[in-house]
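What follows is a short report on a single structure.
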Amino acid sequence: MQVRLSIDIASAPERLFDLTQDYGRRLEWDPFLTSAELLDGATEAGVGVVARCRGRIGGVMDAEYVAYEPPRAAAIRMTGPPWFLESFAGSWRFMLLTPDSTRVEFAYTLRARPRLFAGLFTPIVSVVFRYEMLRRLAALKSFVERRTNRRIRDILPPMNTDEHR
């Protein structure tokens with residue numbers, strides 16, 4: 001079953017791609033994870049690199065990057081499943097809308113375990129993943145736009161409210 005969601009964020013795709021693929025910063029913005037690391041001595045994401053992520057709802061997933069195209073897209077396939085997933089693949093796409101605005105799209109394809117009951121469990125697991133995807137996208141937007149607005153406020157002089165009356 002596939003779940004696909006997107007959100008528009010006031011930031012350039014390069015900045016969003018770099019932030020989301022930086023495992024040293026992942027926990028700063030991603031509310032789904034309690035830990036995230038690259039394995040086998042990798043220091044940055046790329047095709048063939050395996051990441052291990054522990055979700056706050058339980059389970060650890062190892063996933064191998066199968067596509068890595070900065071600043072447009074990254075895709076993974078599950079190599080080490082949590083107990084409740086038979087299969088999982090995901091892609092994150094970053095589509096330029098304007099020089100300072102990007103549409104971020106998460107697309108996940110999954111199948112639940114056990115196989116005998118996958119027809120029943122997959123839709124249930126998909127609802128949970130959809131909820132978590134919404135939370136992740138909202139958190140990414142909030143994190144990036146809050147930081148951008150904070151920098152703008154630091155640069156601009158205080159407004160004289162008397163001038164606006």
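Applying a threshold of 6 Å to beta carbon distances and a minimum spacing of six or more residues, or different chains, the list of pairs starting in segment 76-91 at a residue that is at pLDDT below 95 and ending at one that is buried (at least 17 other Cβ atoms within 10 Å of the Cβ) and assigned to a loop (DSSP other than H, G, I, E, B) reads PHE84/ARG113; GLU86/ARG113.
Within the group ARG4, ARG52, which residue is part of a strand (DSSP E or B), of a type outside the set (Asp, Glu) and exposed (fewer than 14 other Cβ atoms within 10 Å of the Cβ)? The conditions single out ARG4.
Scan segment 13-31 for residues that are surrounded by 18 or more Cβ atoms within 10 Å (Cβ to Cβ) and either at pLDDT below 95 or over 14 Å from the mean Cα position of the chain (by Cα) (or both) and jot them down. Result: no residue meets the conditions. For segment 100-111, the count of residues that are out of contact with any Lys or Arg (no Cβ under 6 Å at 6 or more places or on another chain) and free of Cβ contacts under 8 Å to residues at least 60 places away in the same chain is zero. Taking (1) of a type outside the set (D, E, K, R); (2) at pLDDT 95 or above; (3) part of a helix (DSSP H, G or I) in turn, THR109 satisfies each apart from (3).
The values are calculated or read from the model by the stated rules, or taken from the named source; none is laboratory data. Since the model is a prediction, treat every value here as computed from it, not as a measurement. FYI the Cβ positions are ideal-geometry reconstructions off the backbone, even for glycines, and counts take in every protein chain you see.
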